[in-house]
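Just so you know, all these numbers are worked out from the coordinates, no wet-lab data involved. Note that the coordinates shown come from a computational prediction; the quantities given were computed from them, not determined experimentally. In this analysis, Cβ positions are derived from the backbone assuming ideal geometry, glycine residues included, and neighbour counts consider all displayed protein chains.
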Amino acid sequence: MNLRQLEVFATVAELGSFSKAALVLNTAQPALSRQIRSLEVGLKTVLLVRTGRGVMPTEAGKRLLQHCRHIMESVENARHDLNERAKERSGHIIIGLPPSIAKRLTLPLVRYFQTALPHASLEVMEGFSTYMTEWLVTGRVDLCLLYNPHAHPNIASTPVRKERLFLVGPSQQMPDGDVPFKTLGQYPLLMPQSNQIFRKLLEAQALLSGISLNVAWAVSSIPVILDMLRAGYGHAVLTDSAFLEAVADGQLTARAIVQPKIHCTLSLAQRNNQMETSLMAHTREVLHRLLLEQTAEIEAKTQPIAPQGH
């Protein structure tokens, strides 16, 4: 038994899939299978069983997974403890940001690190919340901002703000006032893939409202969606932080969705039981402060298109 075998086993067991684990660990699936088979031979027990949807741990696998979490956490804590400089915010931190937030937050973060944290280095990874949850659990990011995070035993999340959803489209194809949710089926929509948070949120509300959404194009990129909107390929449901700059030139218009209003919660998340370095604690505070500043700016700019009288 060695650390690499435990890391491979824990990643496959957590994700329930060899293919997902191969992407996270940047390793070919056959190599992962050999690692786990070697571990099973050494322990003389079966740790994983295949199902129709992937793999799941056996009872012995579940017990080993609990040990793995403690072992990997201890290794990570030892690494941080040895690498952290005394009384100095130093080291390397990786932050995960959703596309709509990354566009507005990355540059202020880089500027802050350059001027206020000269002994620290910053890495920013952009991705949708579904992917970033996996990155956080497997240690690819240290902190991340997630939309509507599901409860997870290994993740601690703190809500930082609520964001409204708006219908956005070419100005000449938009209604004059607010958009009742039940009318969304009339618009050809550009939406992310079916497993993404925003799409799940809208589809759940559509089911409650008894309507079908017209998904014309599946696109998981905010910049590409905005380009397609400008080219007249449909409409999109976006948060205010995603479209503010895009509507400034008048080509696109945003209308508030009402009856009901749709909100999503942005939360700051990190792994449970992770040793918090001085750099991580400070970065979390900086993120929170920057978000508060930008929230005030966004609210001021979206006030004219906010729902009225609903």
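Summary of computed values
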quantity	calculated
DSSP beta bridges in the chain [antiparallel fraction, %, rounded to 5]	65
Calculated FRET value between K20 and V75, using beta carbons and R₀ = 22 Å, to 0.05	0.50
Rounded to 5, percent antiparallel among DSSP beta bridges of the range 18-148	30
Lys, Arg +1 and Asp, Glu -1 on Cβ, resulting dipole of the chain about Cα centre, debye, nearest 20	720
Those aspartates and glutamates that a straight Cα-Cα span of less than 13 Å connects to K162, excepting residues fewer than 8 apart in one chain	D240, E299
Net lengthening on full extension, N195/E276 (0.36 nm per residue, minus Cα-Cα)	26.0 nm
Label selected from [x] 0.93; [y] 1.41; [z] 1.14, the criterion being Cα Rg over 2.2 N^0.38 Å as computed here	[z]
Values of log10 I(q)/I(0), in the order q = 0.10, 0.16, 0.21, 0.24 Å⁻¹, for the range 162-263 under a Debye, Cα-only, solvent-free model	-0.22, -0.60, -1.11, -1.52
Centre separation in Å (Cα based) which lies between the range 228-297 and the range 26-105	29
Tail beyond 23 Å, pair distance distribution of the range 1-154 (Cα, percent)	47
Debye, to nearest 20: dipole size of the range 162-263, +1 on Lys, Arg Cβ, -1 on Asp, Glu Cβ	320
Near-label residues of the range 19-39 by backbone N, under 17 Å of a point 7 Å along Cα→Cβ of L3	25
Label-point separation in nm, S209 to Q114, each point 7 Å along Cα→Cβ	4.3
Backbone HN-Hα couplings from phi across the range 110-123 [Karplus 6.51/-1.76/1.60, Hz, Gly and Pro as x]	4, 4, 5, 4, 5, 8, 9, 10, x, 9, 10, 10, 10, 10
Q172-H288 FRET efficiency (beta carbon distance; Förster radius 25 Å; 0.05 resolution)	0.05
Cα-Cα over 23 Å, subset of K20/K103; K103/K182; K200/K261; K182/K261; K62/K200	K20/K103; K103/K182; K62/K200
Zone residues, the range 16-42, relative to R50, backbone N less than 15 Å from point 7 Å out along Cα-to-Cβ	17-20, 29-34, 36-37
Long-range HN-HN contacts of Y187 with modeled amide H, under 5 Å	N214
Rounded to 5, percent antiparallel among DSSP beta bridges of the range 162-263	60
